[in-house]
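The values are calculated or read from the model by the stated rules, or taken from the named source; none is laboratory data. Model, not experiment: these values are computed from the prediction. A quick note on method: Cβ atoms are made from the backbone with ideal geometry, for glycine too, and the neighbour counts reach across all protein chains shown.
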4 protein chains.
Amino acid sequence: MIPVGIIGDGYTAAELVRVLSRHRRARVATVFSTENIDKGFAEVYPHLLRFSEVICEKADIDKLKRECQVVFLALPHGLSAPIVRELIGSGVRCIDLGADFRLKDPKIYEEYYEVTHEAPELLDVAVYGLPEIYREKIRGTMIVANPGCFPTGAILALAPLLKEGLVETENIVIDSKTGVSGAGRSLKLASHFCEVNEGVKAYSVGSHRHAPEIAQELSFAAGQEVEITFTPHLIPMSRGILTTAYVKLRPGVTEEQVRQAFADQYADEHFVRVLPEGTYPHTRWVYGSNFVDIGIFVDDKKRRAIIISAIDNLNKGASGQAVQNFNIMFGLEETEALDFAGIFP
Amino acid sequence: MIPVGIIGDGYTAAELVRVLSRHRRARVATVFSTENIDKGFAEVYPHLLRFSEVICEKADIDKLKRECQVVFLALPHGLSAPIVRELIGSGVRCIDLGADFRLKDPKIYEEYYEVTHEAPELLDVAVYGLPEIYREKIRGTMIVANPGCFPTGAILALAPLLKEGLVETENIVIDSKTGVSGAGRSLKLASHFCEVNEGVKAYSVGSHRHAPEIAQELSFAAGQEVEITFTPHLIPMSRGILTTAYVKLRPGVTEEQVRQAFADQYADEHFVRVLPEGTYPHTRWVYGSNFVDIGIFVDDKKRRAIIISAIDNLNKGASGQAVQNFNIMFGLEETEALDFAGIFP
Amino acid sequence: MIPVGIIGDGYTAAELVRVLSRHRRARVATVFSTENIDKGFAEVYPHLLRFSEVICEKADIDKLKRECQVVFLALPHGLSAPIVRELIGSGVRCIDLGADFRLKDPKIYEEYYEVTHEAPELLDVAVYGLPEIYREKIRGTMIVANPGCFPTGAILALAPLLKEGLVETENIVIDSKTGVSGAGRSLKLASHFCEVNEGVKAYSVGSHRHAPEIAQELSFAAGQEVEITFTPHLIPMSRGILTTAYVKLRPGVTEEQVRQAFADQYADEHFVRVLPEGTYPHTRWVYGSNFVDIGIFVDDKKRRAIIISAIDNLNKGASGQAVQNFNIMFGLEETEALDFAGIFP
Amino acid sequence: MIPVGIIGDGYTAAELVRVLSRHRRARVATVFSTENIDKGFAEVYPHLLRFSEVICEKADIDKLKRECQVVFLALPHGLSAPIVRELIGSGVRCIDLGADFRLKDPKIYEEYYEVTHEAPELLDVAVYGLPEIYREKIRGTMIVANPGCFPTGAILALAPLLKEGLVETENIVIDSKTGVSGAGRSLKLASHFCEVNEGVKAYSVGSHRHAPEIAQELSFAAGQEVEITFTPHLIPMSRGILTTAYVKLRPGVTEEQVRQAFADQYADEHFVRVLPEGTYPHTRWVYGSNFVDIGIFVDDKKRRAIIISAIDNLNKGASGQAVQNFNIMFGLEETEALDFAGIFP
């Protein structure tokens, strides 16, 4: 059993422990907490009773070095970078579920996150952990930058079209709808039940931190700079992200080419389910699972395509994808511990 | 008291009865039903106990002619047209909450609604019932075509910009999120609790019947044909529509001009609240009320504006607006029975 | 216009401002806040845009004395008592939405609320503000102790039976289900969206602070000590309390007598709707309104009655009832500003 | 692989297919449907894409006899009895998720379900499928009567106390709160989104069909007739049942004895988690899992105990328990395919 450490005790940490509880090759050796020190993790999250005996501990990086082969970091941005540097120096591999290693350009990081990057020299070492695009690089890396939840859904929806040059690289509109768990377990008015329930709103309009991440990866896919407009919306549900992406077809591109691009790109991808024509994703179909469902609409007359993707933000959008990356890094079956269906209804 | 008739007993009819229950100049004389004949309306909708004594009746157009000055029709499309013809022939004014008189071109109506229009000669008589745009025409008309719920939110969000020529008339993306009551009280799997709860999906992708209605009215505002892409999404909540509209600024247009267009257009509109810069609508702020809230974001660098509007689909998106039209038609105070705040939380 | 002051800026304060915005005889002169000082109340609660111009102020009791005839206190327990003493000393009448004046026995108050009562000499001056029981006393009082939300629903469900001696005073089980707004706007994990959504739990089992309040008032109604078991449950909704009360019929008591007790007690009560046999309340029917709906089931064979009541916790369970009390205190129409139907769906 | 058949295609059937998809010893050979014949089961329930290749078929009992060793019947009451008789006659074992074999007395069945029982001679053959009570009998039986959802939660909460004679057998109040999936996928107004959302109601007050089932099993546990009052409530959530059961302690019984009864009864039960003192269940902790969580409160002064249980109505309340029974019947590991944690948040 590979001993793994987890830093953090929020919702993504809880989902990591849940997913790893059925992993046949990994064992959660320790969880670091700040507010629940000495409590059983299953006391903090009673749905895990019988599935975790771990006791939350005070952070102790030396312990991770001694006892773990890999560490999942589920921390607010800015905190991971120095820890990662220290851990990899001791040969401990890192999967960072935070934002510190996602953006290749530290200036953009600093502009959006408003902190100085503490380990810019590692940005080239880190691999962006989207297995459907970077699988080979993930295999050998010491640092995985686990993608943001919105970027996961948006990039998987659009990369095939941009890679194949089928759509314009401008005037791309990405409109996402997310459940509330993406905002974490920290108390804030915006996550207070009565402020969310029975309503919907846009937030971080024009300024969300996932926008440059999406733009970066779509630009890599396109081989040229891509301009996007990204707006997230908060929906009264706990889990799930639906992303509706609007693109303009390039002259001469046919619906068949659009569909073929997805078929080609995802033919062997277990976790990507391209839905049949006329069927569009519902976030409930991926609820609690690591799948991303994709629906495709092409309006030949208006020369537009609408690509819709659904993920569970805590699975494919965070902890499930992190375990997928872990499996790849350690040469395990990629679907280990992840091969389960969503829960409906 | 002006005697009014209501045809239909679904959610919009219930909301009409609720709103009219505090109207000082109108009295609901009769409600026509098919499935609840002889039941008290407040037995069908117990929230109206003490507010309505009306008994549901079998449809009887002659009775409307004899007893009512105005009739609200809350019927599935295709059923209103012949009734309206008959009623106005007897001098009874009509407010149609259905789709029959919204589209000026019967061919587009027949393409989208897949029925033959029964009274095409009245399409020019009918006035599109968006008071903020057609107030003067509404005053004198015999037929109001009460707007669709999505069009209300979308048109009020975009008309000022198109009217002033500030934005491109192409590449307009309108992404709407609606609560479930818009689908009515008729049983269907898509409105079954467990199919909606804790999830979100797009529907009628590329084919929603409100798309041509939005395009028609925005084209009138622009004075030229406008091309839109409209996608509605179903959200796990009962009431409310949030519309996020993405447009491209014309060369040279400034943020100030954009904001000024809204300030000018809605300066005297009681039911339109243009929110201050940096504030974006939440559907809860208009819940149960006739207001439309509008938030404006301008990205000068990308030359884009995002306009976000929120309405209560059963009020400003249906019954509240119908009463607003009624007030205008009959020369009453426009806010009569409608001057109440939304309910939060 | 009677100038009124409000101390507090949480959900009950917001509902007070909303209700009072259509009061024809009252005017909100000032609202005291701690965290929103100098902000417009409608900036804090944008659903009130166009309905409130009040600016939140720092607490200033002298200002209340100078400018207000009545003050609504929406404060955590323990804070109201000294303020009320000072205000009534200057002739300002007080309606306390908190717990300080509800329990007649300061020892029970201190046991349950774990603070010393600061003004025990006023407990006999204060009138428990349940108009359906204490209307006459409310008329003349300087201090109204506005009832707790659970007690309102429970007492109105059971008092008629206990008053008439129709049921046993022991083995009474009161099982309540509440929406989340009852917990207020202060941040706490128990009100965090993801901790509440899609689940239900009991809380404060055997120890809720409203239990002694219910027992006190039911004992007064019965004329002897009544023993209750009260358990509240948290439901994933914003508003509403459903209370299911289980009692044992006394020997010889008939179903007819049970129904008659309610008919008699509430014959002239505008805000109490006793539902017909076979109909049981739904909290949606009272949503946003000041009504309490009551359904009655009698099992003659098992000698049991089940009484079910529904209220909106922010209206009849808090602010609506406070305004009802205000109307009575000042000799106004009791339904002023409160005569509106619930919102459904 | 043991070939299994499923009759029915509602939510419980979908949950059976989901659970069985990871069963290492069973294979879903066929699913019978009425409305989805020839559709892929994963087309009807897309969350099962990649987990089920089964095509829905028209009912064909002969096929079940030829190809299946066991059949799960997920049918409305009244339909199972004749099919079960035929199947067991051919040596096919049956697990009936409907009500036909739960009540031992056909007269009570006929009174509550208002149909004639078609196979009363099998009532003694059938075993009530609550493994924590009837494990040994289940092992050898041809027919399992899978318990109702409410009875599962109520019986597991109270049987230990009644079996040990610690509580009175009268004046037992059982107040349950259920999600909407228990009402199935068939369209009905009571399951229409807008009729359920943001509200709570009691239903089937005094007449729910699960009441005699609970009474029967608790009477068996007590060894004497037990009288219960059972009231279910509908909560705006998809899954989960919370049951709050109120009982009266017998003279001399101590809190320790109460807790010990649960500790003894459930010491070796994998799927029953008795929570520590002061912790009460939340349905989210068992969401999507086969666990039942139990919390215990004892009020020594009032001589009362409150036992609260939480289950997922589609798992331990239906399909999970059916698979648990299947595992026992076929001598497999009892937790096979069921050993996973609930999903939170």
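Scan the stretch C:203-252 residue by residue and report those that are aromatic (Phe, Trp, Tyr) and closer than 18 Å to residue C:111 by Cβ.
Listed by number, the list holds a single entry, C:230.
Would you check which residues across the stretch A:117-154 are basic (Lys, Arg) and out of contact with any strand residue (DSSP E or B) (no Cβ under 8 Å at 6 or more places or on another chain) and list them?
Within the stretch A:117-154, A:135, A:139 meet the criteria.
Need the failing condition index for residue A:178 against (1) away from chain B (no Cβ under 11 Å); (2) within 14 Å of the chain's Cα centre (by Cα); (3) not aromatic (Phe, Trp, Tyr), just the number.
Going through (1) away from chain B (no Cβ under 11 Å); (2) within 14 Å of the chain's Cα centre (by Cα); (3) not aromatic (Phe, Trp, Tyr) one by one, residue A:178 breaks only (1).
I need the full set of residues from the stretch C:231-263 which are among the basic types (Lys, Arg) and in contact with a Lys or Arg (Cβ under 8 Å, 6 or more places away or on another chain), in order please.
Within the stretch C:231-263, C:248 is the sole residue that qualifies.
Which members of the stretch B:155-210 meet the condition of being polar (S, T, N, Q), farther than 25 Å from residue B:237 by Cα and in contact (Cβ under 8 Å) with a residue 60 or more places away in the chain?
B:171
Would you mind telling me which numbered condition in (1) over 20 Å from the mean Cα position of the chain (by Cα); (2) farther than 27 Å from residue C:325 by Cβ residue C:223 fails?
Unmet for residue C:223, out of (1) over 20 Å from the mean Cα position of the chain (by Cα); (2) farther than 27 Å from residue C:325 by Cβ: (2).
Would you point out which residue out of C:84, C:92, C:71, C:28 is more than 30 Å from residue B:293 (Cα to Cα) and surrounded by fewer than 24 Cβ atoms within 10 Å (Cβ to Cβ)?
The unique qualifying residue is C:92.
Do the conditions hold for residue B:101, that is, is it aromatic (Phe, Trp, Tyr), touching a strand residue (DSSP E or B) at 6+ places or on another chain (Cβ under 8 Å) and either under 30 Å from residue A:231 (Cβ atoms) or without any contact (Cβ under 8 Å) to a residue 12 or more places away in the chain (or both)?
no
Out of C:147, C:236, C:232, I need the residue that is of a type outside the set (Val, Ile, Thr), part of a loop (DSSP other than H, G, I, E, B), within 11 Å of chain D (Cβ to nearest Cβ) and in contact with a helix residue (DSSP H, G or I) (Cβ under 9 Å, 6 or more places away or on another chain). Which one?
Result of the check over C:147, C:236, C:232: C:236.
Which residues, taken from the stretch B:202-228, are of a type in the set (Val, Ile, Thr) and in contact with a helix residue (DSSP H, G or I) (Cβ under 8 Å, 6 or more places away or on another chain)?
B:214, B:226, B:228
Within the stretch A:229-264, can you find the residues that are within 27 Å of residue A:284 (Cα to Cα) and among the β-branched types (Val, Ile, Thr)?
A:229, A:231, A:235, A:241, A:243, A:244, A:247, A:258
One line per residue, one yes/no per condition, for (1) at pLDDT 95 or above; (2) touching a strand residue (DSSP E or B) at 6+ places or on another chain (Cβ under 9 Å); (3) within 30 Å of residue D:19 (Cα to Cα):
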residue	(1), (2), (3)
D:193	yes, yes, yes
D:233	yes, yes, yes
D:236	yes, no, yes
D:240	yes, yes, yes
D:270	yes, no, yes
D:278	yes, yes, no
D:285	yes, yes, yes
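Here are some residues: C:144, C:180. Which one is over 17 Å from residue C:243 (Cβ atoms), crowded, with 24+ Cβ neighbours inside 10 Å and among the β-branched types (Val, Ile, Thr)?
C:144
Determine if the stretch B:186-209 includes at least one residue that is over 29 Å from residue D:194 (Cβ atoms) and either more than 8 Å from every other protein chain (Cβ to nearest Cβ) or surrounded by fewer than 22 Cβ atoms within 10 Å (Cβ to Cβ) (or both).
There is no residue in the stretch B:186-209 that is over 29 Å from residue D:194 (Cβ atoms) and either more than 8 Å from every other protein chain (Cβ to nearest Cβ) or surrounded by fewer than 22 Cβ atoms within 10 Å (Cβ to Cβ) (or both).
Looking at the stretch B:41-61, is at least one residue within 27 Å of residue B:330 (Cα to Cα) and touching a residue at least 40 places away in the same chain (Cβ under 8 Å)?
Yes; the residues of the stretch B:41-61 include at least one that is within 27 Å of residue B:330 (Cα to Cα) and touching a residue at least 40 places away in the same chain (Cβ under 8 Å).
Within the stretch D:216-243, how many residues turn out to be surrounded by fewer than 24 Cβ atoms within 10 Å (Cβ to Cβ) and under 15 Å from residue D:163 (Cβ atoms)?
9
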